[in-house]
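Student: Below is a structure I'd like to ask you about.
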Amino acid sequence: MKKRHQQKLVVMALVLFFLWNVPFVSLFDSDFQVFGFPVFYVFIFLSWSIAIIASYIILRKFYE
């Protein structure tokens with residue numbers, strides 16, 4: 001794996017670590033709902049989905 005692909009994955013892991021850390025997650029602890037779901041769950045699953053898609057794109061470029 002090229003160094004730049006490894007660096008992108010490490011940076012993405014660090015960003016996710018800080019996004020899912022308690023001080024930042026507590027910002028979404030409210031009674032507000034999006035399409036009937038609490039905003040906390042929407043944030044967690046949306047950020048998780050974006051991380052999976054970004055990982056796929058990075059790794060797809062690696063195998064080209």
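The values are calculated or read from the model by the stated rules, or taken from the named source; none is laboratory data. This is a predicted model, so every value here is computed, not measured. Note that we place each Cβ from the backbone using ideal geometry, even for glycine, and neighbour counts take in every protein chain shown. Protein only, heavy atoms only, side chains kept; ligands, DNA and RNA dropped before computing areas. Shrake-Rupley method; radii C 1.70, N 1.55, O 1.52, S 1.80 Å.
Student: Among the chymotrypsin sites (Phe, Trp or Tyr not before Pro) in the chain, which ones are in a DSSP loop with at most 16 other Cβ atoms within 10 Å of the Cβ? Mind listing them?
Tutor: Listed in order of number, the matching sites are W20, F32, F35, Y63.
Student: Just the Kirkwood number for the chain, please: inverse of mean 1/r across all distinct Cα pairs, in Å, one decimal.
Tutor: So the Kirkwood estimate lands at 13.2 Å.
Student: With charges set only on the Cβ (+1 for Lys and Arg, -1 for Asp and Glu), what does the dipole of the chain come to about its Cα centre, in debye to the nearest 20?
Tutor: 600 debye
Student: Still on this structure, please answer the following. With a 1.4 Å probe and every protein chain left in place, work out the accessible area per residue of segment 2-64 in Å², rounded to a whole number.
Tutor: Roughly 83 Å² per residue, with all protein chains present.
Student: Zone of H5 (label point 7 Å along Cα→Cβ, backbone N under 12 Å): which residues in segment 28-55?
Tutor: Within reach of a label on H5: no residues.
Student: For helix 39-62, what angle does its Cα long axis make with the longest principal axis of the chain, in degrees from 0 to 90 and rounded to 10?
Tutor: Taking Cα atoms only, the helix is inclined about 10 degrees.
Student: Let me ask you something else. Summing -39500 (n - 2.57) over the DSSP H runs of n ≥ 4 in the chain and dividing by its residue number, what mean residue ellipticity at 222 nm do you reach, to the nearest 500 deg cm²/dmol?
Tutor: Computed mean residue ellipticity for the chain: -23000 deg cm²/dmol.
Student: Right, next: I'd like the carbon and sulfur percentage of the solvent accessible area for the chain, probe radius 1.4 Å, heavy atoms only, ligands and nucleic acids excluded.
Tutor: Taking all protein chains in place, the chain shows 72 percent carbon and sulfur surface.
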